[in-house]
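First up is the structure itself, then whatever we jot down about it.
The values are calculated or read from the model by the stated rules, or taken from the named source; none is laboratory data. These numbers come from a predicted model, not from an experiment. Cβ: placed from backbone, ideal geometry, glycine included. Neighbour counts: every protein chain shown.
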Amino acid sequence: MEANNNTQGGNTVRIMPSAAVLDVLVRLSRTRVNYWLESVLDTLLGGALLSAGLRHHVAPLGAVLLVLLGLFLFSFMEYVFHRWVFHGPLQPMARGHASHHADPRGYDSLPFFLPALVLSCVVALCALLAPAPDVWLLASGIAFGYVAYGVAHFMIHHRRFRNPRLRRWAARHHIHHHHPERNFGVTTPLWDALLATRYVRARRAAAARR
């Protein structure tokens, strides 16, 4: 593998191709185009999976339940990735997420093609072990859950809600930006409540211990 040579101030800087590609991906992941292109691509993938699953699935109720299960599974995946990956020991992920905490209104996200690529590979592998229509329907729920997460996260940081319930929902995530060890769930507080990471005010916590 050859390296590219750049001359800066009389000094030659060697840039390995892998590092250059990574730099391009990092720059791409911070653009508005990438942010929304990711949502479009994942929506198309979810629609394709749903369509394929419905064409080959004979039980309508079972199909609906599989899609709902996919949405439910995504809510847990969202929590796991946010808590143990984005706030975990993997430095590339942690640094990328730290930039979002530094600028919540920015467009930091994964490269637009990565979530769809990973999900497609997982679907292909799982289809070898389970009925393909079931896998497609389950994965469509996961894909739509990811799209919903992206849109919800964007709205939380770019819109002021008037509805009291929506304001409380958005406030739960804003609290996470002030208390990064709490409120990892964005779309739902379920897993924070079950895994004891929900933010509780000091007075309420003290009262609960009495």
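Assess whether residue 75 counts as being within 28 Å of residue 194 (Cα to Cα) and either among the β-branched types (Val, Ile, Thr) or surrounded by 15 or more Cβ atoms within 10 Å (Cβ to Cβ) (or both). Spell out how you get there, then give the answer.
Values: within 28 Å of residue 194 (Cα to Cα): yes; either among the β-branched types (Val, Ile, Thr) or surrounded by 15 or more Cβ atoms within 10 Å (Cβ to Cβ) (or both): yes.
For residue 75, the condition - within 28 Å of residue 194 (Cα to Cα) and either among the β-branched types (Val, Ile, Thr) or surrounded by 15 or more Cβ atoms within 10 Å (Cβ to Cβ) (or both) - is met.
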How about the range 30-75: which of its residues are in contact with a Leu (Cβ under 6 Å, 6 or more places away or on another chain) and within 16 Å of residue 115 (Cβ to Cβ)?
34, 70
Lone qualifier among 102, 124, 94 - being small (Gly, Ala, Ser), without any contact (Cβ under 8 Å) to a residue 40 or more places away in the chain and touching a Gly at 6+ places or on another chain (Cβ under 9 Å):
94
Restricting the range 1-56 to residues that are modelled with pLDDT under 90 and in contact with an Asp or Glu (Cβ under 8 Å, 6 or more places away or on another chain), the one surrounded by the most Cβ atoms within 10 Å (Cβ to Cβ) turns out to be 29
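Which one of 116, 139, 124 is of a type outside the set (Phe, Trp, Tyr), in a helix (DSSP H, G or I) and under 23 Å from residue 33 (Cβ atoms)? I'd like the intermediate steps shown before the answer.
Numbers: 139 fails: under 23 Å from residue 33 (Cβ atoms); 124 fails: under 23 Å from residue 33 (Cβ atoms).
Of the residues listed, the single one that is of a type outside the set (Phe, Trp, Tyr), in a helix (DSSP H, G or I) and under 23 Å from residue 33 (Cβ atoms) is 116.
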Scope the range 49-82; condition small (Gly, Ala, Ser) and out of contact with any helix residue (DSSP H, G or I) (no Cβ under 6 Å at 6 or more places or on another chain); matching residues:
51, 59, 62, 75
Only residues that are under 23 Å from residue 36 (Cα atoms) and among the polar types (S, T, N, Q): list them for the range 145-188, please.
187, 188
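Would you check if there is a residue in the range 194-205 being under 30 Å from residue 55 (Cα atoms), in a loop (DSSP other than H, G, I, E, B) and free of Cβ contacts under 8 Å to residues at least 12 places away in the same chain? Explain how you work it out, then say what you get.
Residues of the range 194-205 under 30 Å from residue 55 (Cα atoms): none.
Within the range 194-205, none of the residues are under 30 Å from residue 55 (Cα atoms), in a loop (DSSP other than H, G, I, E, B) and free of Cβ contacts under 8 Å to residues at least 12 places away in the same chain.
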Matching option when the condition is touching a residue at least 12 places away in the same chain (Cβ under 8 Å), assigned to a helix (DSSP H, G or I) and surrounded by fewer than 15 Cβ atoms within 10 Å (Cβ to Cβ), among 177, 153, 173, 157
177
